[in-house]
Amino acid sequence: MIITRFAPSPTGLLHVGNLRTALFNYLIAKQNDGKFILRLDDTDPERSKQKYIDAIRFDLEWLGLYWDQEEQQSNRIGRYSEVAEQLRKEKKLYECFESPVDLDLKRKKLLNMGKPPVYDRAALKLSEDKKVLIRKKESPYWRFLLSHERIEWEDQILGEISIDSASISDPVLIRADGQFLYTLASVIDDMDMKITNVVRGSDHVTNTATQIQITQALGGDLPKYSHHSLLTGPSGESLSKRLGTLSLKDLRLAGIEPMAILSHLSRLGSSKPGELFSSLEEIREGFDISSFGAAPTKFEKQDLFPITSKYISGLSFSEVKDRIIETPGSELLWEVVRQNLIVLEDFEYWMNLTENGVSPLVEEEDRGYVNDALSLLPKSKLNEQSWDQWTKEIKSQSDRKGKQLFLPLRKALTGKENGPDMSRLLPLLKKIPAKV
């Protein structure tokens, strides 16, 4: 069985980059009738918050990405301790004492010498007596002892990857305060939960190299790895949960539809053309992880609005009536204006317009013309022929034609330069000014 996982840390709101990872893992699992696990990386007690756990769940449910199993790493500390002790006994986990300042000085010295800033394993040279003395003053942190050999795997996006582990510092797995870091916790979870496919951002390639060695040291089976390109903001800036950049909450508040987001992200950065899908099932059928590239991919929030507009225009009234304020004429109004909505919330404008009218948008040079035109409005009940009848009458008494004739009338009646077919909208207007 294919088993994937999405493992966000609940330290901020999910952004579109996080969602892309979640979506890819979800689609791979569901393409193969597999299992999709939501795994909350909440081992950092200071930054992990319940409000963010709740927000992650809400965002995924809003998008329809329902998980088959949920885990919290904070509930698995005992398991991590057990494995850490195993690694200590096997001399694959060793204690270190350098401070951040010490490590920074070492890095700078190596860089000045033109060498890669790799940890020198000085802690391994400490005698037991020396370590006993240091422990009285400070607690150690723990590094995994990498085997200095090439680490290779076939990445489903990047292709063949080969990394010399001698060019990587031995990763810190446990902090001095006892907190287990992602590098170890993730490996243990992937093994215990039998994860078969790991899909994540290309910034994790080095992590993957070290985690492969940790997995092998623990006798675990290696999953298939896929490292997708990173999304950036419009100016190339990195996305961040803590900064709230392009958060799903903000997109939701802006009126972006879930299917617009999912459709866009399921193709953005791939060799396949973008298109609007009607369901997750349809997205799943056309999804191919190997079609994605490695280069950073720019995400533009504005790209979601035309997709949202197209999605909304295809919805029937029965599909939206629970999301709008329904009035006796709202179904007919929906059919008239749905092609002109950017987001669903725009419907409220047109509903208010038909019920209460709007402040006319009139240029001073058009005021006399518009008032003359309003005096010619048919006195009988308006219908879909009234607009043509009215404008023909105006034309016969005016030297205006085309845009000069029609646009000032639209602006006066709707407060906008663009909108639905006026012949269909005019009969729905309950309050038309006699003068502007």
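What follows is calculated from the coordinates using simple rules that are stated; it is not laboratory data. For clarity, every value in this text was computed on a predicted model and none was experimentally measured. Cβ: placed from backbone, ideal geometry, glycine included. Neighbour counts: every protein chain shown.
Show the residues, 5+ positions off or on another chain, whose built amide H is closer than 5 Å to the amide H of Leu231.
Hits under the 5 Å cutoff: Thr297.
Need one word for the range 93-201: rounded, prolate or oblate. Basis is the Cα gyration tensor (sqrt eigenvalues a ≥ b ≥ c); a/c below 1.5 gives rounded, then a/b vs b/c decides.
Here the range 93-201 falls in the oblate category.
Which one of Leu304, Leu376, Leu63 has the biggest mean-square fluctuation once the chain is modelled by GNM with Cα springs under 10 Å?
For the chain, modelled as a Gaussian network with Cα springs under 10 Å, the answer is Leu376.
Can you flag which of Lys401/Lys435; Lys30/Lys92; Lys298/Lys403; Lys321/Lys431; Lys30/Lys310 are past 28 Å Cα-Cα?
Lys30/Lys92; Lys298/Lys403
Relative contact order of the chain: what whole-number percent is it, with Cα pairs under 8 angstrom and at least 6 residues apart?
14 percent
If we sort 277-287, 257-267 on the protection proxy, mean other Cβ atoms within 10 Å, highest first, what's the order?
257-267, 277-287
How big is D for the chain, in µm² s⁻¹ as a whole number, if Stokes-Einstein is applied with the Kirkwood radius of its Cα pairs at 4 °C and 1.567 mPa s?
49 µm²/s
Let me have the 222 nm mean residue ellipticity of the chain computed from DSSP H runs of 4+ only, each contributing -39500 (n - 2.57), with the sum over all residues rounded to the nearest 500.
-12000 deg cm²/dmol
Only Lys, Arg, Asp and Glu count, each charged at its Cβ (+1, +1, -1, -1), so figure out the dipole size of the range 323-428 about its Cα centre, rounded to 20 debye.
340 debye
Bin by bin, in steps of 10 Å, what percent of the Cα pairs in the range 323-428 do you find, going until the bin that has the longest distance?
The calculated distribution, bin by bin, is 14, 46, 31, 9, 0.
By per-residue mean of other Cβ atoms within 10 Å, what is the highest-first order of 99-109, 423-433?
My ranking of the peptides, most packed first, is 423-433, 99-109.
Using modelled amide H (1.01 Å from N, peptide plane; none on Pro or chain starts), what sits under 5 Å from the amide H of Leu40, excluding residues fewer than 5 places away?
Amide H neighbours of Leu40, under 5 Å, 5+ apart: Glu71, Gln72, Gln73.
Taking 2.2 N^0.38 Å as the expected size of a compact globular protein, what ratio does the Cα radius of gyration of the range 5-46 give against it, to two decimals?
Cα Rg divided by the expected 2.2 N^0.38 Å: 1.27.
Neighbour counts of other C-beta atoms within 10 Å: give me Ser290, Ser229, Ser240 arranged from fewest to most.
Ser290, Ser240, Ser229
Return the whole-Å distance between the Cα centroid of the range 1-63 and the Cα centroid of the range 349-384.
Going from one Cα centre to the other spans 51 Å.
Checking a compactness column here: for the range 140-282, what do you get for Rg(Cα) / (2.2 N^0.38 Å), N being the number of residues?
Dividing the Cα Rg of the range 140-282 by 2.2 N^0.38 Å gives 1.27.
Only bridges with both residues in the chain count here: give the DSSP antiparallel percent, nearest 5.
Expressed as a percentage, antiparallel bridges in the chain total about 50.
Taking the dipole about the Cα centre of the range 323-428, with the C-beta of Lys and Arg at +1 and of Asp and Glu at -1, give me whichever of Ser423, Gln397, Asn383 is farthest to the positive side.
Positive-most Cα among the choices belongs to Gln397.
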